[in-house]
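Worksheet for the structure shown next.
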């Protein structure tokens with residue numbers, strides 16, 4: 001009998017619980033023994049490992065966060081921390097480690113695999129920054145959450161003829177900001193992958209002045225957190241245009257909340273496919289969605305490359321902001 005362990009390290013994403021549920025129930029039904037690692041990679045280092053069965057995942061499909069808890073673990077990045085993690089997996093006789101997480105979590109999983117422990121990665125992140133997959137678990141939910149908030153913010157922007165800069169998550173990548181901007185009808189979107197020199201900011205201010213003359217009653221700017229200081233941008237806009245500019249930081253609400261149907265379904269499919277790979281004794285792969293099909297690619301293909309934003313989406317947002 002194979003023994004597998006599930007861990008949900010790093011930032012939580014809506015749908016992680018649905019994926020955990022799918023892995024546990026599919027694995028147990030297939031004759032596998034399942035353990036859960038409580039507290040992410042730190043929990044693994046500390047040996048905080050519990051037994052899991054079908055009833056331990058009852059009633060969690062609709063909850064955000066992760067019942068297995070998580071942590072930001074810097075120790076896993078050190079040789080000593082990695083050695084402790086591998087020792088814990090060997091002590092508990094774990095044959096496969098299923099890692100449900102984002103880019104950083106999957107990178108750590110690849111390092112674990114080099115010690116001889118088999119791993120299967122399942123992309124779960126609101127940032128959607130995992131290379132090789134069109135979508136990650138939780139991405140769709142985070143978009144819906146942010147768009148709902150911006151719809152409400154636009155009501156106030158319209159009432160006061162204001163510019164609202166809405167800061168969303170995305171320290172290194174603008175996948176989330178782009179999709180939120182398109183779905184919310186934002187006039188401008190700032191992403192970390194694009195430089196915004198003073199000349200470009202002046203151009204945006206000129207556009208805002210034109211919008212004012214066209215009696216446009218509200219303007220929404222979606223601003224990824226990795227682009228710098230949103231408050232400084234608001235001050236520059238107000239000084240250059242005379243238009244009232246305010247900042248609203250959506251913060252951690254983007255990571256929480258009940259997962260959307262799409263996030264739940266993707267989680268269920270990813271989790272089940274991960275167990276399929278284990279049953280076939282496949283190893284060191286990442287489950288991905290490509291062109292509507294679920295498949296698996298080698299983990300080193302994921303960690304050795306960087307996912308790029310679709311700049312045509314940014315161009316489309318600019319074309320629609322008239």
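Scanning for something buried (at least 17 other Cβ atoms within 10 Å of the Cβ), in contact with a helix residue (DSSP H, G or I) (Cβ under 8 Å, 6 or more places away or on another chain), at pLDDT 95 or above and not assigned by TED's automatic domain parsing to the domain that holds residue 61, does segment 264-271 turn up at least one residue?
Within segment 264-271, not a single residue is buried (at least 17 other Cβ atoms within 10 Å of the Cβ), in contact with a helix residue (DSSP H, G or I) (Cβ under 8 Å, 6 or more places away or on another chain), at pLDDT 95 or above and not assigned by TED's automatic domain parsing to the domain that holds residue 61.
Is segment 53-64 home to any residue that is surrounded by 24 or more Cβ atoms within 10 Å (Cβ to Cβ) and out of contact with any strand residue (DSSP E or B) (no Cβ under 7 Å at 6 or more places or on another chain)? Quick ask: steps written out before the conclusion?
To start, the set of residues in segment 53-64 that are surrounded by 24 or more Cβ atoms within 10 Å (Cβ to Cβ) comprises none.
No, that holds for no residue.
Among the residues of segment 19-34, write down those that are in contact with a strand residue (DSSP E or B) (Cβ under 8 Å, 6 or more places away or on another chain) and crowded, with 21+ Cβ neighbours inside 10 Å.
19, 20, 23, 24, 27, 34
With the structure loaded, tell me whether residue 316 is surrounded by fewer than 17 Cβ atoms within 10 Å (Cβ to Cβ), over 13 Å from residue 110 (Cα atoms) and touching a residue at least 40 places away in the same chain (Cβ under 8 Å) or whether it fails that test. Steps first, answer last, please.
Numbers: surrounded by fewer than 17 Cβ atoms within 10 Å (Cβ to Cβ): yes; over 13 Å from residue 110 (Cα atoms): yes; touching a residue at least 40 places away in the same chain (Cβ under 8 Å): yes.
For residue 316, the condition - surrounded by fewer than 17 Cβ atoms within 10 Å (Cβ to Cβ), over 13 Å from residue 110 (Cα atoms) and touching a residue at least 40 places away in the same chain (Cβ under 8 Å) - is met.
Checking the conditions here, which among 157, 149 is in contact with a strand residue (DSSP E or B) (Cβ under 7 Å, 6 or more places away or on another chain), in contact (Cβ under 8 Å) with a residue 24 or more places away in the chain, outside any strand (DSSP E or B) and not assigned by TED's automatic domain parsing to the domain that holds residue 288?
On inspection, the qualifying residue turns out to be 157.
For segment 252-300, give me the residue count where each residue is under 14 Å from residue 63 (Cα atoms) and without any contact (Cβ under 8 Å) to a residue 40 or more places away in the chain.
2
The values are calculated or read from the model by the stated rules, or taken from the named source; none is laboratory data. Because the structure is predicted, anything quoted here is derived from the model rather than measured. Heads up, the Cβs are rebuilt from the backbone with ideal geometry, glycines too, and the neighbour counts pull from every protein chain shown.
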